[in-house]
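*Asks:* One structure is given below, represented as structure tokens, and several questions about it will come after.
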Amino acid sequence: MKRLLAGFALAVLSFPALSGSSTGKIGDMLITSDGVLLFTAGTHQSPGCPTPAWGVETKTAEGKSVMSVVLMAAATGKFVEVHGQGSGACIKDREKIDLIIVKP
């Protein structure tokens, strides 16, 4: 039983390592013809997808909200902290965003 609990705890605690993160200014940015915003923000740590960058589907309400935050941060030169969804959640080989924070 102790081994089972230890294995479960280890699996739960290691889950965040599957998602990437980055902190920095918005770098390269493009929107594809099918409405996907791709961008970089600092050095992508532990990327969960082949390309160390971020992807946002802009056709959803949530995606439009994230896109507006990314565009605002790029226009004002603010730093952002981005965290991915991990577990292979990729959009066009870029990691799907779970959380974005604009730094003051």
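Values in this text are rule-based calculations from the coordinates and carry no lab data. Every value quoted in this text rests on a predicted model; they were computed, and no experiment measured them. Heads up, the Cβs are rebuilt from the backbone with ideal geometry, glycines too, and the neighbour counts pull from every protein chain shown.
*Asks:* What ³J(HN,Hα) values, in whole Hz, does the Karplus curve 6.51 cos²θ - 1.76 cosθ + 1.60 give for segment 58-73 when θ = phi - 60°, with x put for Gly and Pro?
*Replies:* With the stated coefficients, segment 58-73 comes to 8, 7, 9, 4, 5, x, 5, 5, 5, 4, 5, 5, 4, 5, 5, 5 Hz.
*Asks:* Hey, another quick one. State to the nearest 20 debye the size of the charge dipole of segment 19-102 about its Cα centre, where the only charges are +1 on K and R beta carbons and -1 on D and E beta carbons. The partial results should precede the final answer.
*Replies:* Details: 7 positive and 8 negative charges, 30 e Å.
I would put it at about 140 debye.
*Asks:* For Lys92, go through the lysines and keep the ones whose alpha-carbon is under 28 Å away, minus same-chain ones fewer than eight residues off.
*Replies:* Those lysines meeting the cut-off are Lys25, Lys59, Lys64, Lys78, Lys103.
*Asks:* If I stretch the segment between Lys92 and Leu71 completely, what's the gain in nm (0.36 nm per residue apart, minus their alpha carbon distance), one decimal?
*Replies:* On the way: separation 21, 0.36 × 21 = 7.56 nm, distance 1.97 nm.
Result for the pair: 5.6 nm of gain on full extension.
*Asks:* Another one. If each of Val102 and Ser33 carries a label point 7 Å out from its Cα toward its Cβ, how far apart are those two points in nm?
*Replies:* Output for this residue pair reads 3.2 nm.
*Asks:* Another question, if that's okay. Which Rg and Dmax, in Å, describe the Cα atoms of segment 29-99?
*Replies:* Calculated on Cα positions, Rg and Dmax stand at 11.2, 32 Å.
*Asks:* Would you mind computing, in nm to one decimal, how far apart the modelled labels at Lys59 and Gln45 are, each placed 7 Å from Cα along Cα→Cβ?
*Replies:* 3.4
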